Amino acid sequence: MTVLDAHRRAAALTELAEANRPLDMLVIGGGITGTGVALDAATRGLRVALVEAHDLAFGTSRWSSKLVHGGLRYLASGQVGIAYESAVERHHLLTTIAPHLIHPLPQVIPEIDSRRTAAMIRSGLVAGDLLRRVARTPQSILPRPQRISADEAARLCPAVSRHRLRGAMLGADGQLVDDARLVIAVARTAAAFGASFCTYCRADEVTGTGARLTDSRTGESITVSARTVVNATGVWAGTVQPTLRVRPSRGTHLVFDEAAFGHPTGALMVPLDANGGRFVFALPGQLGRVYVGLTDVDAPGPIPDVPSATDDEIDFLLDAINRALDQRLARNDIRGTYSGLRPLVDPTSEESDSGTGDLADVSRRHQVRVDDGLISVLGGKLTTYRRMAQDATDAAVRVGGLRAGPCVTASTPLVGAADIGAQPGIPQSMVARYGAEATKVVATARLRDPLAPIAGSLGVTRAEVEFAVTHEGALTADDVLHRRTRLGLVDADAALARAAVEEIVASTLTETTR
């Protein structure tokens, strides 16, 4: 049963409180890593429950570039192992796990810098294509890189400057319709295999054999026992296990209307160094937006629930992308910003608390640590979440002496994972967000005018708001605005839709909890 709603949440908490035997696994953290661990464990036949202090996808998992990439950057820095792992996991996601949520994205790299830089980029793309072939991703899904003319580059990215443009390299990578939607799909698939989910439930007094859980909506607390506990809290891992050292790196994006970029159909990639290892990019996204990113800035100090962009980061991104644009963008063109904190593992952290090394030296490879029986997943990135979850579950099986089946998540499709093509009467944007479940979103709707826009011309329907509550675990209007529909990425859109969303959430919750 793939339903996540208030009734199932309450039932899960009651079951945990009344349980007369320990869980096989308690997972703390409801981002892509935690939900991935819950899915892996549940598909192996383990009794697993996940708790999250806020909503699913509340933290870093919703602040990504929405890319499922093959690791071109890691190739440039010589991290071949990480690049290979990324290519393999991208293959699983594109072909089996979530082909409805991830689509090939053309990437245009204009030749505006030195010919040496262009040659380095071509070499990197060729190496990346070799990894695609090793991972067995068909060329029909991710075409081979090629050089294109300036005219073809401008067709895909109309805002690109023709000044000094000799042509462009064209690559391809995977793009998520939305990162938070991937988290929700993983959680609902895990629920279908028997995993329990308790959002808005804080875990304290965490050990390798259990935790004290407090329901923030009622204030009630219970003690839960488990044969294994997995700490999948990302940048907050050190608050759960104080011996851990995580070095947060802030990645910031700017949000624009797609009209500012001429309604692009490809991603514009602007090299930041002569080796072509780092880029600032403009990515076309859902709801008529373009995301410009990405920074990589050390973020020491207290970890905020919602990170924010600095003026320096905004200026850096504007300056970098403007190098490749015909018409320069200014601050008043920005519709919104968002920032996420990457949970990097600092190799110097075991020797020093200062963390003064360059972020370029901080590995993106994930680690699974066991301290006093508590299993923690550190580092990594969205693309490789499935492998991270597999490694964490393997460790839990070993540490807890659990009887479990083999890992099957590489061949387990998520809910909605089918290509249903265009559906008469259903907006194509809904099909992109829900895949084969798009018809279910409409068919299960009980409110009036289910396909009417939630507000104004915003590309989200009333049925999607109701479905977020009845099937996707949303409990508040903010859950819907910020983590089910992503209207919250633009403050003006969220303000326009809030009243209607609040009304639908309130009425739907009343029906759900009767």
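What order, most packed first, do the peptides 127-139, 23-35, 473-485 have when packing is the mean number of other Cβ atoms within 10 Å of each residue?
Per-residue Cβ counts within 10 Å, averaged per peptide and sorted highest first, yield 23-35, 473-485, 127-139.
Relative contact order (percent) for region 183-244, with alpha-carbon contacts under 8 angstrom and 6 or more residues of separation?
21
Calculate one ³J(HN,Hα) per residue across region 454-466 by plugging θ = phi - 60° into the Karplus curve 6.51 cos²θ - 1.76 cosθ + 1.60, and present them in order as whole Hz with x for glycine and proline.
Calculated HN-Hα couplings, in order: 5, 6, x, 9, 4, x, 10, 8, 4, 4, 5, 5, 4 Hz.
To the nearest 20 Debye, how big is the dipole of the chain about its Cα centre, given +1 on the beta carbon of each Lys and Arg and -1 on that of each Asp and Glu?
Here the chain has a charge dipole of around 1500 debye.
Compute the signed sum of charges (Lys and Arg +1, Asp and Glu -1) over the other residues within less than 10 Å, Cβ to Cβ, of Thr470.
Overall, the nearby charge balance is -3.
Helix-only mean residue ellipticity at 222 nm, the chain, DSSP H runs n ≥ 4 weighted -39,500 (n - 2.57), per residue, nearest 500. What is it?
Roughly -9500 deg cm²/dmol at 222 nm, from the helical runs in the chain.
Which whole-number percentage describes the relative contact order of the chain, with Cα contacts under 8 Å and a sequence gap of 6 or more?
22
What share of the DSSP beta bridges in the chain is antiparallel, in percent to the nearest 5?
Percentage antiparallel, nearest 5: 80.
Hey, got the dipole for region 249-340? About the Cα centre, +1 on K and R Cβ, -1 on D and E Cβ, debye to the nearest 20?
Value, rounded to 20: 220 debye.
Work the Kirkwood hydrodynamic radius out for the chain: mean of 1/r over every pair of different alpha-carbon atoms, inverted, in Å.
About 23.4 Å for the chain.
Laboratory data are not the source of any read-out in this text; all were calculated from the coordinates shown. Since we're looking at a predicted model, the values are computed, not measured. All Cβ positions, glycine included, derive from the backbone under ideal geometry; neighbour counts span all protein chains shown.
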